[in-house]
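Encoded as structure tokens, here's the structure I'll be asking about.
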Amino acid sequence: MKKYIMKFNNKISLRLLVLLVMVQVSFAQSKGKTLENSRPNIIFVMTDDQGMGDLSCMGNQVVKTPNIDEFYKKSTRFTEYHVSPTCAPTRAALMSGRHEFRTGVTHTILERERMALDIYTLPQALQAGGYETGIFGKWHLGDADAYLPQNRGFDEVLIHGAGGIGQVNFGDFPPNSENLYFDNVLLHNETIVKTKGFCTDVFFDAALAWTKKKIDSKQPYFTYISLNAPHAPLIAPEKYKKRFLDLGYDEGTAGRYGMIENIDDNFGRLMKKLEEWKALENTLVIFTTDNGATHLSGTLNGEKIKHFNANLKGGKNSPYEGGNHVPFFWYWKGVLSEGKDIDQLAAHIDIYQTFVELAGVKLPEKMQPLEGRSLVPLLENSNIKWEDRLMFTHCGRWATGEIDEAQYKSFAVRNQKWRFVNNNQLYDIASDPGETTNVFDAHPEVISTFKIPYDNWWNESIPLMVNENRPKVDEQPLHVRYSKQLKEKGIPDWSPEFN
């Protein structure tokens, strides 16, 4: 009898536990109804060239990311979040709320990565709403003075040049070619400085130090941790590479996975500090990546292998799902539901309007038209009716002067169910997320709903591609700046100051 009573009580306890969890989730969801003008602090972490399959919580059995895995478990996750297929384009869309082509960004080099100067940027909007803003890592939207982040809405800046540390030919600081990813020369606000340590550690250190000052002063803030890792060259501290080398992986794989595990350690440190500072209750933390994965193959004990890519087709600079379908995890303690998936189609162009609505910002009457949607309604209630949409993806990067030839190359149109690729492929993503079966010939009625909107979108975008046929610069702007400062006052050592 006693055994039966204990079993019965255990059943009651289990039911009560389930009920409590349901109430907690319902409470968090109901609290979400007041998200407009809720004015959270915002920390946005975006890694570089890290795909959907580069996290253990997404199924990778080689790389270990326990801190991001833990974050994933308690986050609201957008399972159908899409960005651009390459670096600068995603950043342009994030900063502008528009497709990158309509900000002038059609490449990652050749000055075609410069975001048009008439864009009223997301950090400018947040500044107008009383937020202070900081960027730590990769900017990649123009290195000339007028294009730099401190002139586009950021109060605090610590960045490398060009699209990556060591890309000296494309504009990064000359010394960074000598000691890639360690002890780098960076731009801190208006001064070029020499840092010490591995680049990802430095960017997190700087972001944490600045954020702590904002917390202490009770100043609303937007911290944009925009990492260059795990972008090539595939270099990590030796202690992070060792495990993979010992397993028999090639140097490139060891470097890349080592960078990812280093990111995970730093992300864990960020979350631990926010908890220690009692900042999680009024801070929205987001983890995402800028495009699909690179280095999708390697060797293990000398044998060629393919790396896990979450069963997606393609990677960076691809018009397929693997090119722009990426992780998107949101956490706001006690406000957003934990462990919840939102399956409606979302994109980087939605972030601008979402943050503006959360921050209660009034936008100016004269600014670029925003093309995204606020995700606030989905955060408040993922069961609402979410109208289907068409999202346009193009890899860009056509040769200078060949814009007309590029229209039907490396592009895709996506809605909730279908992906239309390169004018001759159609995939039913709902039943075939890996894009294994081309059903183009079987669904002419679907094709017709994609082709005309795509042609219209392309033709409307061409006049806004303001950087096409731009002459090559004689001298890279940050090279000129570096030479001038070196001659006049030298390059000082710098490290973040913690309170």
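Name the single residue that is surrounded by the fewest Cβ atoms within 10 Å (Cβ to Cβ) among those in the stretch 174-197 being of a type in the set (V, I, T) and touching a strand residue (DSSP E or B) at 6+ places or on another chain (Cβ under 8 Å).
V193
Pairs under 6 Å by beta carbon, first residue more than 16 Å from G53 (Cα to Cα) and open to solvent by less than 10 Å² (accessible area, probe 1.4 Å) in the stretch 68-83, partner among the polar types (S, T, N, Q) and at pLDDT 95 or above, six or more apart or different chains?
Close Cβ pairs (under 6 Å, with a partner that is among the polar types (S, T, N, Q) and at pLDDT 95 or above) amount to T76/S337.
Quick one: I384 ticks every box in (1) touching a residue at least 60 places away in the same chain (Cβ under 8 Å); (2) within 29 Å of S96 (Cβ to Cβ) except a single one, so which number is it?
Of (1) touching a residue at least 60 places away in the same chain (Cβ under 8 Å); (2) within 29 Å of S96 (Cβ to Cβ), only one is false for I384: (1).
Mind checking which pairs have a first residue in the stretch 121-140 that is under 17 Å from T90 (Cβ atoms) and a second that is of a type in the set (D, E) and not in a strand (DSSP E or B), Cβ under 7 Å, 6 or more apart or different chains?
K138/D48; H140/E113
Here's another thing I want to ask about it. Just to be sure before I move on: is L227 in contact with a Leu (Cβ under 9 Å, 6 or more places away or on another chain), at pLDDT 95 or above and either within 20 Å of F136 (Cα to Cα) or open to solvent by 50 Å² or more (accessible area, probe 1.4 Å) (or both) in the structure I sent?
No, not satisfied.
A further question on this structure: Identify all residues within the stretch 236-253 that are of a type outside the set (D, E, K, R), closer than 19 Å to C199 by Cα and surrounded by fewer than 24 Cβ atoms within 10 Å (Cβ to Cβ); write none if there are none.
P237, Y240, G252, listed by residue number.
It is to be established whether one or more residues within the stretch 487-495 are surrounded by 15 or more Cβ atoms within 10 Å (Cβ to Cβ) and farther than 27 Å from S318 by Cβ.
yes
Moving on. Answer with yes or no whether A346 is more than 15 Å from P123 (Cβ to Cβ) and either buried (at least 21 other Cβ atoms within 10 Å of the Cβ) or under 19 Å from the mean Cα position of the chain (by Cα) (or both).
So A346 passes the test.
Another question, if that's okay. Can you find a residue that is surrounded by fewer than 21 Cβ atoms within 10 Å (Cβ to Cβ), part of a helix (DSSP H, G or I) and free of Cβ contacts under 8 Å to residues at least 24 places away in the same chain anywhere in the stretch 143-159?
Yes, that holds for at least one residue.
Moving to a separate point now. Listed residues G171, G166, G130, G137; which is in contact with a helix residue (DSSP H, G or I) (Cβ under 9 Å, 6 or more places away or on another chain), modelled with pLDDT of 95 or more, at positive phi and surrounded by fewer than 21 Cβ atoms within 10 Å (Cβ to Cβ)?
Result: G130 is the single residue among G171, G166, G130, G137 that is in contact with a helix residue (DSSP H, G or I) (Cβ under 9 Å, 6 or more places away or on another chain), modelled with pLDDT of 95 or more, at positive phi and surrounded by fewer than 21 Cβ atoms within 10 Å (Cβ to Cβ).
Mind telling me which of the residues L370, L358 ends up being over 24 Å from N438 (Cβ atoms) and not in a loop (DSSP other than H, G, I, E, B)?
L358
Take the residues of the stretch 461-475 that are more than 26 Å from the chain's Cα centre (by Cα) and touching a residue at least 12 places away in the same chain (Cβ under 8 Å): which is least open to solvent (accessible area, probe 1.4 Å)?
The selected residue is V473.
Checking F222 against (1) in contact with a Leu (Cβ under 7 Å, 6 or more places away or on another chain); (2) open to solvent by less than 30 Å² (accessible area, probe 1.4 Å); (3) within 27 Å of P85 (Cβ to Cβ); (4) without any contact (Cβ under 8 Å) to a residue 60 or more places away in the chain, which single condition isn't satisfied?
(4)
Here's another thing I want to ask about it. Six or more apart or on different chains, Cβ atoms under 6 Å: show the pairs whose first residue is in the stretch 404-423 and closer than 17 Å to G322 by Cα and whose second is surrounded by fewer than 16 Cβ atoms within 10 Å (Cβ to Cβ) and charged (D, E, K, R).
From residues that are closer than 17 Å to G322 by Cα, the pairs are N415/D388; Q416/D388.
Under 8 Å by Cβ, and 6 or more places apart or on different chains, what pairs join a residue from the stretch 198-212 that is farther than 11 Å from R269 by Cβ and open to solvent by 10 Å² or more (accessible area, probe 1.4 Å) with one that is charged (D, E, K, R) and assigned to a helix (DSSP H, G or I)?
Hits for this filter: K212/K273.
Moving on to the next point. Within the stretch 41-57, track down each residue that is surrounded by fewer than 19 Cβ atoms within 10 Å (Cβ to Cβ) and touching a residue at least 24 places away in the same chain (Cβ under 8 Å).
If the condition is that a residue be surrounded by fewer than 19 Cβ atoms within 10 Å (Cβ to Cβ) and touching a residue at least 24 places away in the same chain (Cβ under 8 Å), then no residue fits.
Can you name the residue in the stretch 254-275 that is in contact (Cβ under 8 Å) with a residue 60 or more places away in the chain and among the acidic types (D, E) and, of all such residues, is most open to solvent (accessible area, probe 1.4 Å)?
So the residue we want is D265.
With the requirement that a residue be of a type outside the set (S, T, N, Q), over 19 Å from E460 (Cβ atoms) and open to solvent by less than 40 Å² (accessible area, probe 1.4 Å), what does the stretch 356-379 give you?
V356, L358, A359, V361, L375, V376, L378, L379, listed by residue number.
If a residue must be of a type in the set (A, V, I, L, M) and at positive phi, how many such residues does the stretch 447-499 contain?
Adding up the residues that qualify gives 0.
Looking at K278, K316, can you tell me which residue is within 25 Å of G59 (Cα to Cα), in a loop (DSSP other than H, G, I, E, B), charged (D, E, K, R) and open to solvent by 20 Å² or more (accessible area, probe 1.4 Å)?
K316
Sticking with this structure for a sec: Considering only residues that are farther than 25 Å from S217 by Cβ and either surrounded by fewer than 23 Cβ atoms within 10 Å (Cβ to Cβ) or charged (D, E, K, R) (or both), which ones fall in the stretch 110-127?
Matches in the stretch 110-127: L110, E111, R112, E113, R114, A116, L117, D118, I119, Y120.
Of the numbered conditions (1) open to solvent by 40 Å² or more (accessible area, probe 1.4 Å); (2) touching a helix residue (DSSP H, G or I) at 6+ places or on another chain (Cβ under 8 Å), E402 fails exactly one; give the number of that condition.
Condition (2) is where E402 drops out.
The values are calculated or read from the model by the stated rules, or taken from the named source; none is laboratory data. Every value quoted in this text rests on a predicted model; they were computed, and no experiment measured them. When we count neighbours, we look across all protein chains shown, and the Cβ atoms used for this are built from the backbone with ideal geometry, even at glycine. Protein only, heavy atoms only, side chains kept; ligands, DNA and RNA dropped before computing areas. Shrake-Rupley method; radii C 1.70, N 1.55, O 1.52, S 1.80 Å.
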